[in-house]
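Asks: If you scroll down you'll find the structure; I have some questions about it.
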Amino acid sequence: MTLVALPGGGATVGLSSAQTVEDFEQEIVDEYALAMAAAGLSDGHIHSTRSVVIEFARMLTGPLWEATCVDADRFLAEQRRMGLAVSTRAGKAHALSGFYEFVIARYEGVIRRSTGVLVQQPIDEFNRQSGHSLGSVRVPPSDEEVDALFAGWRDSVSKARKFLPAARDYFAASLWRRAGLRITETLMLDIRDWRPDLGGFGKIHVRFGKGSRGRGPRPRLVPAINGVDQLMDWWLAEVRPRWGPDWSDPDAPLLPSERFDRELVRCGRVDDNALRRGLAIHVDLWLPAWSGRMTPHVLRHYCASSLYAAGMDIKALQELLGHQWLSTTSGYIHVRSDHVERAWRDANQRVVTRFAPSRTNGRQG
């Protein structure tokens with residue numbers, strides 16, 4: 001491939017053979033990967049995005065810069081025929097959209113001068129996948145249903161054949177319900193991450209919070225509100241010491257597995273399958289109407305909705321849940337069916353209170 005300077009400071013590439021076309025395509029993909037790395041995106045995100053672009057390129061009959069919306073339609077329709085989940089298809093569409101934004105911004109002029117092709121964005125408003133509109137909305141159960149689930153679960157812990165795993169699973173699910181932690185964030189907590197000295201309730205140091213667009217962990221401090229402080233006291237004082245001698249090791253996992261790591265002389269870390277299985281078993285027992293539908297993320301949605309209904313403002317919820325964008329938080333809030341009516345009544349009551357004539361006990365002059 002050769003670069004030739006053009007009048008006016010432009011450049012062109014020689015694309016006289018199939019090999020030079022392939023080389024130029026590879027250069028564009030590699031430069032996009034380098035740009036993502038410069039933006040701080042994780043290696044995993046870069047690898048998955050690059051794989052999607054290559055998968056799309058293999059479907060095309062021409063080079064990447066000649067792709068059209070029709071090609072994207074065909075690609076995404078094939079993904080659906082393959083049975084891929086809507087969230088997976090949405091992720092691939094988003095990856096392609098980002099790649100073509102890069103190509104248009106950095107290579108459109110070179111490609112147009114070299115080939116006469118005007119690069120277009122193949123992901124448009126018509127074929128753009130949307131996980132929120134196409135997927136099932138995670139509307140959580142009611143307060144009464146969640147209370148029934150956890151009341152039955154709590155009473156069963158002391159009677160369980162294996163008390164420690166039963167208590168651990170209940171503790172983890174309670175963190176999802178009360179503090180809105182993600183399951184991965186919960187798994188990665190160590191004993192040192194509980195900081196009772198911070199704030200009025202203590203705080204949980206979530207070191208492995210989910211970052212946006214693959215930008216690595218986004219740590220945050222989660223206040224132990226909503227009864228989480230009492231939950232942590234129960235776990236660390238009464239249950240965690242019974243797992244083994246590592247209960248005082250600050251680097252030991254907060255949620256241990258039944259395996260003991262003899263090299264590190266502490267318990268192993270529980271995996272997500274064990275916690276999901278514990279949740280599923282107790283949902284089947286105490287809330288069968290939600291069997292197969294209750295997940296850790298549904299409880300995260302429940303946490304957001306219940307705290308919002310209790311009066312927490314959406315900005316505080318954003319910080320609690322670890323969202324970068326307020327619009328993401330708004331998608332987690334599922335209000336009761338009479339929310340509009342109650343809001344209208346409250347607003348009218350405030351107006352009445354504000355403009356009601358003041359009453360004084362003083363004598364008129």
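Asks: With respect to the numbered conditions (1) in contact (Cβ under 8 Å) with a residue 24 or more places away in the chain; (2) surrounded by fewer than 15 Cβ atoms within 10 Å (Cβ to Cβ); (3) not in a loop (DSSP other than H, G, I, E, B), which one is the sole condition not fulfilled by GLY40?
Replies: Checking GLY40 against (1) in contact (Cβ under 8 Å) with a residue 24 or more places away in the chain; (2) surrounded by fewer than 15 Cβ atoms within 10 Å (Cβ to Cβ); (3) not in a loop (DSSP other than H, G, I, E, B), the one that fails is (3).
Asks: List every residue pair whose Cβ atoms sit under 6 Å apart, with the two residues 6 or more apart in sequence or on different chains, where the first one lies in the range 317-332 and is under 19 Å from VAL206 (Cα atoms) and in a loop (DSSP other than H, G, I, E, B) and the second, anywhere, is modelled with pLDDT under 85 and open to solvent by 10 Å² or more (accessible area, probe 1.4 Å).
Replies: GLN324/SER212
Asks: Assess whether LEU275 counts as being over 20 Å from ALA179 (Cα atoms), aliphatic (A, V, I, L, M) and either more than 18 Å from the chain's Cα centre (by Cα) or open to solvent by less than 80 Å² (accessible area, probe 1.4 Å) (or both).
Replies: no
Asks: Further question: Among residues belonging to the range 281-295 that are at pLDDT 95 or above and under 19 Å from LEU181 (Cβ atoms), point out the one that is least open to solvent (accessible area, probe 1.4 Å).
Replies: Taking the candidates together, the pick is VAL283.
The rows are residues; the columns are (1) open to solvent by less than 60 Å² (accessible area, probe 1.4 Å); (2) within 28 Å of the chain's Cα centre (by Cα).
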residue: VAL119; (1), (2): yes, no
residue: ASP147; (1), (2): no, yes
residue: PHE150; (1), (2): yes, yes
residue: TRP176; (1), (2): yes, yes
residue: ASP197; (1), (2): no, no
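Asks: So, in the range 70-103, of the ones that are touching a Leu at 6+ places or on another chain (Cβ under 9 Å) and of a type in the set (Val, Ile, Thr), which residue ends up modelled with the highest pLDDT?
Replies: VAL103
Asks: Can you pull out the residues in the range 152-174 that are closer than 21 Å to ALA224 by Cβ, crowded, with 19+ Cβ neighbours inside 10 Å and of a type in the set (A, V, I, L, M)?
Replies: Once the filter is applied, which keeps residues that are closer than 21 Å to ALA224 by Cβ, crowded, with 19+ Cβ neighbours inside 10 Å and of a type in the set (A, V, I, L, M), the range 152-174 yields ALA167, ALA172, ALA173.
Asks: Mind telling me which of the residues ASP233, ASP251, ASP143 ends up being acidic (Asp, Glu) and either in contact with a Phe, Trp or Tyr (Cβ under 7 Å, 6 or more places away or on another chain) or modelled with pLDDT of 95 or more (or both)?
Replies: Just a single option satisfies the conditions, and that option is ASP233.
This table checks each residue for (1) open to solvent by less than 80 Å² (accessible area, probe 1.4 Å); (2) in contact with a Gly (Cβ under 8 Å, 6 or more places away or on another chain).
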residue	(1), (2)
ASP233	no, no
GLU238	no, no
ARG242	no, no
ASP251	yes, no
PRO256	yes, yes
ARG262	no, no
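Asks: I've got another one for you. Identify, by number, the condition in (1) of a type outside the set (Gly, Ala, Ser); (2) modelled with pLDDT of 95 or more; (3) in a helix (DSSP H, G or I) that ASP246 doesn't meet.
Replies: (2)
Asks: What about ILE104, is it in a helix (DSSP H, G or I) and either among the basic types (Lys, Arg) or over 31 Å from the mean Cα position of the chain (by Cα) (or both)?
Replies: Criteria not met by ILE104.
Asks: Now a separate question. Across the range 97-107, what is the total count of residues that are farther than 13 Å from VAL29 by Cα and surrounded by fewer than 16 Cβ atoms within 10 Å (Cβ to Cβ)?
Replies: Matching residues across the range 97-107 total 1.
Asks: Among the numbered conditions (1) closer than 30 Å to PRO256 by Cα; (2) not in a helix (DSSP H, G or I), tell me where VAL119 comes up short.
Replies: So VAL119 meets the others, but not (1).
Asks: Another question about this same structure. Quickly run through the range 298-311 and pick out the residues that are within 21 Å of the chain's Cα centre (by Cα) and open to solvent by 50 Å² or more (accessible area, probe 1.4 Å).
Replies: Scanning the range 298-311 gives a single hit, TYR308.
Asks: Same structure again: When only residues in the range 76-90 that are in a helix (DSSP H, G or I) and among the small types (Gly, Ala, Ser) count, which is least open to solvent (accessible area, probe 1.4 Å)?
Replies: The selected residue is ALA90.
Asks: Among the numbered conditions (1) closer than 18 Å to LEU299 by Cα; (2) modelled with pLDDT under 95; (3) more than 24 Å from the chain's Cα centre (by Cα), tell me where LYS210 comes up short.
Replies: (3)
The values are calculated or read from the model by the stated rules, or taken from the named source; none is laboratory data. Values in this document were obtained by computation on a predicted structure and should not be read as measured data. Quick reminder, even Gly has a Cβ in these numbers, built from the backbone with ideal geometry, and neighbours come from all protein chains shown. Surface areas here come from the heavy atoms of the whole protein model, side chains and all, with no ligands, DNA or RNA. Shrake-Rupley method; radii C 1.70, N 1.55, O 1.52, S 1.80 Å.
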